[in-house]
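Since the structure comes first, as structure tokens, the remarks are kept for the end.
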Amino acid sequence: MALLQFDQVGICGLAAAVPAQTILSREYTQYFPAADVAEIVAKTGIEERRFAPEGMCSSDLCFAAAEKLISDLDVDKSEIELLVFVSQTPDYRMPATSVLLQDRLGLSKQTMVFDLTLGCSAFVYGLSVVFSLVQSGQIKKALLLDGETRSRVYNPKDRRVAFLFGDGGVAALIEKDPKYGKTFFSLNSDGSKGDLIKIKAGGYRNPSSAESVKEKVVDVHGNISTDEHGSMDGADVFNFVIQEIPNDIARVMEAAGTDKKAFDYFVFHQANAFMNGYLAKKLKLPLEKVPSSIREFGNTSSVSIPLTIVSQLQGKLEGKKKVLLSGFGVGMSWASAVMDLQDCWISDVVEL
Amino acid sequence: MVMETKFIKVIKDALEIEDKNLSMNEKFKEFEEWDSLAQLTLIAELDENFDVTIQTSDFKNINTLQELFDHIQSQK
């Protein structure tokens, strides 16, 4: 059981950047009738999303968020000795985007950097890795950058996924300081469900070909996609979430020796309003403690947890706040954390 | 019988067909209200009311309400 515990390491600030281009779901009707779209939007609760224009990458959003955070907190860049970039939509297949970001951000050549490629669980997974390295005591400050351009991953002619995903990037600054208390992580995986959310082709198992980019009808409902677009079995993803996530939350709370009543906020991966609503109901959580950014940003994969904190909790994190974070999705991969945010700085959301 | 009445109510709520008279021989996947969103709602309602989850692969072999009901019983 991967239950990790850290002490005196914490997030000192968070910033987020989103594309200015706003897609109104109810007007996204070029491939489906408005009535069908309205029915989908009513269920998903996703009214708006941000789409990166051509040429804008996850890394550009992360870069903007990082610059904003560094400037707001007046951070001496020479103290940043670790940068982890979390994404499944990197700039290139190689080199790793984190290395390019080291140079763009003007960080020292002695900075330790690498990419971490997980989906909706990745912010929490990334935090566990960064906390672990920072706790080792040799790193003064670390940047966890997390960006996604999921709008480009799914085919707009596939109604199962066309109305869910959006783009964004975040930066979190992590440091070691006695003012931070203990943090607990539970980290999990189930590769037997690898087909539930998948882009079949374009990697090395099924390389890109003329066939892989061909649009075809993929189900009895007439949805159209290609092997290089993401597919998702929404019903079984839902089953996975309602079976695994309550158990994982119970596990991490038990490890932390705490219970639901102790928390100020529960921040979940923002999948869609139906799933998140049912999860909160199943866990019997008071809704005022479950912030949501689904309405305005949709599902931004790993970015959704920190984007929800930045967009919904600014001005609400003074002093010590106990939060539960839980991310779940593609893999399947899921991770939960119990931590105290101590005067965590939240920058204004940057629009690019 | 009580359980069957509750089951029918859950089906009607999930598919938004409160006014329809339902028999257990009904092939619910042939209803015009049946689509992926209805399936999601039904999965959530069955989890909430009967504490069972129905996988996509299970739905493939279930056609009538009786078969769905029997499947729920077998999972409990």
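Only the coordinates and a few stated rules stand behind these numbers; no lab work does. Predicted model, so just to flag it, every value in this text is computed and none were measured. When we count neighbours, we look across all protein chains shown, and the Cβ atoms used for this are built from the backbone with ideal geometry, even at glycine.
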| Some residue of region A:83-102 being over 24 Å from A:Gly166 (Cβ atoms), without any contact (Cβ under 8 Å) to a residue 40 or more places away in the chain and assigned to a helix (DSSP H, G or I) | yes
| task | Scan region B:4-22 for residues that are in contact (Cβ under 8 Å) with a residue 40 or more places away in the chain and either over 12 Å from the mean Cα position of the chain (by Cα) or farther than 17 Å from B:Ile72 by Cα (or both) and jot them down. | result | B:Leu22
| task | Only residues that are more than 13 Å from chain A (Cβ to nearest Cβ) and exposed (fewer than 15 other Cβ atoms within 10 Å of the Cβ): list them for region B:13-23, please. | result | B:Asp13, B:Glu18, B:Asp19, B:Lys20, B:Asn21, B:Ser23
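Of the residues A:Leu313, A:Leu324, A:Leu341, which is more than 25 Å from A:His229 (Cα to Cα) and surrounded by fewer than 21 Cβ atoms within 10 Å (Cβ to Cβ)?
Working: A:Leu324 fails: surrounded by fewer than 21 Cβ atoms within 10 Å (Cβ to Cβ); A:Leu341 fails: surrounded by fewer than 21 Cβ atoms within 10 Å (Cβ to Cβ).
That would be A:Leu313, the only listed residue that is more than 25 Å from A:His229 (Cα to Cα) and surrounded by fewer than 21 Cβ atoms within 10 Å (Cβ to Cβ).
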| field | Hits in region A:35-82 - residues which are closer than 23 Å to A:Thr97 by Cβ, in a helix (DSSP H, G or I) and among the basic types (Lys, Arg) | value | A:Lys68, A:Lys77
| query | Does any residue in region B:40-59 that is on the phi > 0 side of the Ramachandran plot and at the interface with another protein chain (Cβ under 8 Å from one of its Cβ atoms) come within less than 7 Å, Cβ to Cβ, of a residue that is among the charged types (D, E, K, R) and in a helix (DSSP H, G or I) six or more places away or on a different chain, and which pairs are these? | reply | none
| Matching residues in region A:242-277 - criterion: being assigned to a helix (DSSP H, G or I) and within 10 Å of chain B (Cβ to nearest Cβ) | A:Ile242, A:Gln243, A:Phe274, A:Met275, A:Gly277
| request: Starting from residues that are in contact with a Ser or Thr (Cβ under 7 Å, 6 or more places away or on another chain) and surrounded by 14 or more Cβ atoms within 10 Å (Cβ to Cβ), keep the ones in region A:102-116 and report whichever is nearest to A:Val338 (Cα to Cα). | output: A:Asp115
| field | Any pair with Cβ under 7 angstrom, 6 or more apart, that starts in region A:119-135 at a residue that is touching a residue at least 24 places away in the same chain (Cβ under 8 Å) and ends at one that is of a type in the set (Lys, Arg) | value | A:Val134/A:Lys176; A:Gln135/A:Lys176
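Assess whether B:Glu48 counts as being in contact with a helix residue (DSSP H, G or I) (Cβ under 9 Å, 6 or more places away or on another chain), assigned to a helix (DSSP H, G or I) and surrounded by 12 or more Cβ atoms within 10 Å (Cβ to Cβ).
On the way: in contact with a helix residue (DSSP H, G or I) (Cβ under 9 Å, 6 or more places away or on another chain): yes; assigned to a helix (DSSP H, G or I): yes; surrounded by 12 or more Cβ atoms within 10 Å (Cβ to Cβ): yes.
Answer is yes for this residue.
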| remark: When A:Asp227 is run through (1) in a loop (DSSP other than H, G, I, E, B); (2) within 14 Å of chain B (Cβ to nearest Cβ); (3) surrounded by 17 or more Cβ atoms within 10 Å (Cβ to Cβ), the failure sits at (2)
| task | Using the structure shown, decide if A:Leu14 is surrounded by fewer than 18 Cβ atoms within 10 Å (Cβ to Cβ) and either among the polar types (S, T, N, Q) or touching a helix residue (DSSP H, G or I) at 6+ places or on another chain (Cβ under 9 Å) (or both). | result | no
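Which residue out of A:Asn299, A:Asn239 is within 14 Å of chain B (Cβ to nearest Cβ), polar (S, T, N, Q) and buried (at least 21 other Cβ atoms within 10 Å of the Cβ)?
On the way: A:Asn299 fails: within 14 Å of chain B (Cβ to nearest Cβ).
A:Asn239 is the lone residue from the list that is within 14 Å of chain B (Cβ to nearest Cβ), polar (S, T, N, Q) and buried (at least 21 other Cβ atoms within 10 Å of the Cβ).
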